[in-house]
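Take a look at the structure below.
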Amino acid sequence: MSARMDVLLGAQWGDEGKGKVVDVIAPEYPVIARFQGGPNAGHTLIFEGRKHVLHTIPSGVFRGGTMNLVGNGVVIDPIVLMKEISALEAVGVDVRDRLLLSRRAHLILPTHRTLDAASEAEKGKQRIGSTLKGIGPTYMDKTGRNGLRVGDLERSDMMDRYSALVRKHERLLGLYEPMERPVDAETEWLDAVARLRELRFVDSENYLDDVLRSGKRVLAEGAQGTLLDIDFGTYPFVTSSNTICAGACTGLGVAPNRIEKVVGIFKAYCTRVGSGPFPTELNDELGEAIRAKGREFGSTTGRARRCGWLDLPALRYAVTINGVTELAMMKADVLAGMSSVRVCTGYRHQGRVTERMPYDLTTDIEPVYQEMDGWGECSASDPLPKALEHYIAHIEAAVGVPVTIVSLGPDRAETLLRNAAALH
Ligand code: IMP
């Protein structure tokens, strides 16, 4: 009988800890598939005392017997991908046998990165706070029907296509202030492309159809988070892809009726990196304390993440838009030791309180908070403190789906399955 695909995605502004959860549940899935984003992502996994950061490769790569697919919705920078592969090979991970690239995935060129930097520089104070990995310009070329795809590397006229795209970029760059550029960027890119050609390319929609028909389960792994979605995020302070569940259909070529579970990952508090509205942000010592204890610094850019209280209207919005069937709560241990914690239950907006996400989060938004008891130190080997159980029950009641995973530390082992039956 044909199997179903489950989707795992971020329910906040990214950095929720998706990589860790994928790694924990990977043994359930013969195939893990990334469906959008690119090297702007940084999925951190810690086990056996080692830290690994993945940017393009799905987080199932550390498990033997798991195939990892980079789907058509992903944008690939050959330089970043080949560095990632070398780093994994250096610690003995057998990447090449476990990795497949979709022929339909688009390639990030060095000139995409320069265009990203030029566009951000021109925006000045209005800048998005992009990771400057070339994500926006690459998706622009995709929708503008100018892009270069992985499958083009198999064509004899690949260099002509590459040169035509670079010429177009050079003309565009003429519209901006001149940008400093690394001298050997093109050589480095072409070298990486030559090595990338040795990897396995597939028609991923057909591959996944075969996998599902053979009864094997697939896990679709999202990057960034719902509130960074190009359509439903806090536009224009968003990324350039659909980070929501629907993105798994378009980013992999799997029909919506083949999706079974949708696992939404969220932190017990909120973080955001880059610019844009963040109603529950804590611009005080408490925000700094959470940042320090939660080590809230970007795994791709090293930037300090903005920290704030959990935002239930935003989480409910994510549950609705994605059809989340279960939630994984990360980093409850970071809030341990506080006498009380707060959760935002609604926004005061245009003179009334709403539990819905308004169109514009930048003006006239005041969070309405509920104060709750804090909890003490907690570990995955002990029962959860009562106050933390109460906090979780409150979230479940507010958003209408169960929290099935509670993560209490960065290591694989520091994970508690609250209702394992719901996962399988
Ligand atoms: P871009 O996707 O690099 O252009 O960045 C657009 C916005 O999304 C910026 O605010 C970034 O900080 C944010 N962003 C992009 N990728 C991630 C991520 O993986 N985690 C958190 N924020 C991200």
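The values are calculated or read from the model by the stated rules, or taken from the named source; none is laboratory data. Computed from a prediction, not measured in an experiment: that's the story for all the values here. Note that we place each Cβ from the backbone using ideal geometry, even for glycine, and neighbour counts take in every protein chain shown.
Points worth noting:
- In the set (1) away from the ligand (no atom under 16 Å from the Cβ); (2) surrounded by fewer than 24 Cβ atoms within 10 Å (Cβ to Cβ); (3) not β-branched (Val, Ile, Thr), the condition left unmet by ASP23 is number (2).
- Within segment 290-314, being under 26 Å from LEU54 (Cβ atoms), touching an Asp or Glu at 6+ places or on another chain (Cβ under 9 Å) and outside any loop (DSSP other than H, G, I, E, B) holds for ILE290, LYS293, ALA304, ARG306, CYS307.
- Selection over segment 26-57 of residues that are outside any strand (DSSP E or B), over 11 Å from the mean Cα position of the chain (by Cα) and within 16 Å of the ligand (Cβ to nearest atom) gives a count of 1.
- Strands (runs of 3 or more DSSP E) (entirely within segment 349-419) containing at least 3 residues that are surrounded by fewer than 16 Cβ atoms within 10 Å (Cβ to Cβ) and free of Cβ contacts under 8 Å to residues at least 60 places away in the same chain: 352-354, 366-373
- Of the residues PHE266, PHE237, the single one that is part of a strand (DSSP E or B) and within 14 Å of the ligand (Cβ to nearest atom) is PHE266.
- A Cβ distance below 9 Å, combined with a sequence gap of six or more or placement on separate chains, defines the contacts here; from segment 230-257, residues that are over 26 Å from PRO358 (Cα atoms) reach residues that are surrounded by 23 or more Cβ atoms within 10 Å (Cβ to Cβ) and aromatic (Phe, Trp, Tyr) in the pairs CYS249/PHE35; THR250/PHE35; GLY251/PHE35; LEU252/PHE35; VAL254/PHE35.
- With respect to being closer than 18 Å to THR66 by Cα and in contact (Cβ under 8 Å) with a residue 60 or more places away in the chain, SER204 fits the description.
- Screening the candidates LEU109, LEU132, LEU69 for the property of being more than 16 Å from the ligand (Cβ to nearest atom), at pLDDT 95 or above and either out of contact with any Gly (no Cβ under 9 Å at 6 or more places or on another chain) or under 24 Å from THR243 (Cβ atoms) (or both) yields one hit, LEU69.
- Condition broken by ARG161, with the remaining ones in (1) surrounded by fewer than 16 Cβ atoms within 10 Å (Cβ to Cβ); (2) away from the ligand (no atom under 16 Å from the Cβ); (3) without any contact (Cβ under 8 Å) to a residue 40 or more places away in the chain satisfied: (1)
- Yes/no for LYS293 being over 30 Å from GLY247 (Cβ atoms), touching a residue at least 40 places away in the same chain (Cβ under 8 Å) and basic (Lys, Arg): yes
Conditions tested, residue by residue: (1) more than 17 Å from THR56 (Cβ to Cβ); (2) out of contact with any helix residue (DSSP H, G or I) (no Cβ under 7 Å at 6 or more places or on another chain); (3) surrounded by 24 or more Cβ atoms within 10 Å (Cβ to Cβ); (4) at pLDDT 95 or above.
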| position | (1), (2), (3), (4) |
| --- | --- |
| ALA192 | no, no, no, yes |
| ARG195 | no, no, no, yes |
| ASP203 | yes, yes, no, yes |
| ARG213 | yes, yes, no, yes |
| GLY222 | no, no, yes, yes |
| GLY225 | yes, yes, yes, yes |
| PRO236 | yes, yes, no, yes |
| SER241 | no, no, yes, yes |
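- One residue stands out among those in segment 200-234 that are within 30 Å of LEU361 (Cβ to Cβ) and in a helix (DSSP H, G or I): the one that is farthest from the ligand (Cβ to nearest atom), which is THR226.
- Unique match (being on the phi > 0 side of the Ramachandran plot, out of contact with any Pro (no Cβ under 9 Å at 6 or more places or on another chain), at pLDDT 95 or above and more than 13 Å from the ligand (Cβ to nearest atom)) among GLY253, GLY247: GLY253
- Residue tally, condition without any contact (Cβ under 8 Å) to a residue 40 or more places away in the chain and farther than 11 Å from HIS106 by Cα, over segment 146-158: 4
- Matching option when the condition is part of a helix (DSSP H, G or I), without any contact (Cβ under 8 Å) to a residue 40 or more places away in the chain, crowded, with 17+ Cβ neighbours inside 10 Å and in contact with a strand residue (DSSP E or B) (Cβ under 9 Å, 6 or more places away or on another chain), among GLY287, GLY346: GLY287
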